[in-house]
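Encoded as structure tokens, the structure appears first; notes follow it.
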Amino acid sequence: MSKKAETVLDVNDVSHIASGVFIKGEMTCPGDVRIDGHIEGKVSSQGRVVIGEGAQLEGTILCDSLDFWGNFEGDVFVRDTLSLKAGSVFKGSLNIRRLQVEIGASFNGTCKMIEEEDFDKLV
């Protein structure tokens, strides 16, 4: 059994960047994170990242999986699945294993489908 399958996260282990918060720089999170604020820089997570409806991001996101409702401009590297939700606006490059796009999502940029091993080499 893999280490990831054995890990059980507590709901209190999810980090949250609230609406109205502005971060400029680099953020690293060992688990899941929800972002509803504004970030300019790099976001790294070893878990799931959720970008809320009002979130604004510019820079780079590296994570295991990404659920995306907000606005983003930059580069995304996802080990597993990116889900672009209705109303989301994305400009930049995607480097992902799987992609799910809902009707009403906006994507302008490039998309490269990668394997898990490729993700490890990129980051």
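The values are calculated or read from the model by the stated rules, or taken from the named source; none is laboratory data. Keep in mind that what you see is a predicted model, and the values were worked out from it rather than measured. Counting neighbours? That spans all protein chains shown, and the Cβs are built from the backbone with ideal geometry, glycine included. Accessible surface areas use protein heavy atoms only, side chains included; no ligands, DNA or RNA. Shrake-Rupley method; radii C 1.70, N 1.55, O 1.52, S 1.80 Å.
Some values worked out for this structure:
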read-out	value
Test result for GLY59, out of contact with any strand residue (DSSP E or B) (no Cβ under 6 Å at 6 or more places or on another chain), free of Cβ contacts under 8 Å to residues at least 24 places away in the same chain and either at positive phi or surrounded by 15 or more Cβ atoms within 10 Å (Cβ to Cβ) (or both)	no
Test: residue in the range 77-84 that is β-branched (Val, Ile, Thr), crowded, with 21+ Cβ neighbours inside 10 Å, part of a strand (DSSP E or B) and touching a residue at least 40 places away in the same chain (Cβ under 8 Å)	yes
Residue in the range 1-11 that is out of contact with any Gly (no Cβ under 9 Å at 6 or more places or on another chain) and at pLDDT 95 or above present	no
Members of the range 28-51 found to be open to solvent by less than 30 Å² (accessible area, probe 1.4 Å), in a strand (DSSP E or B) and either more than 14 Å from LEU66 (Cβ to Cβ) or touching a helix residue (DSSP H, G or I) at 6+ places or on another chain (Cβ under 7 Å) (or both), listed by number	GLY41
Given (1) part of a loop (DSSP other than H, G, I, E, B); (2) open to solvent by less than 30 Å² (accessible area, probe 1.4 Å), index of the condition PHE119 fails	(1)
Selected residue (criterion: nearest to the chain's Cα centre (by Cα)) from residues of the range 39-69 that are more than 18 Å from MET27 (Cα to Cα) and not acidic (Asp, Glu)	TRP69
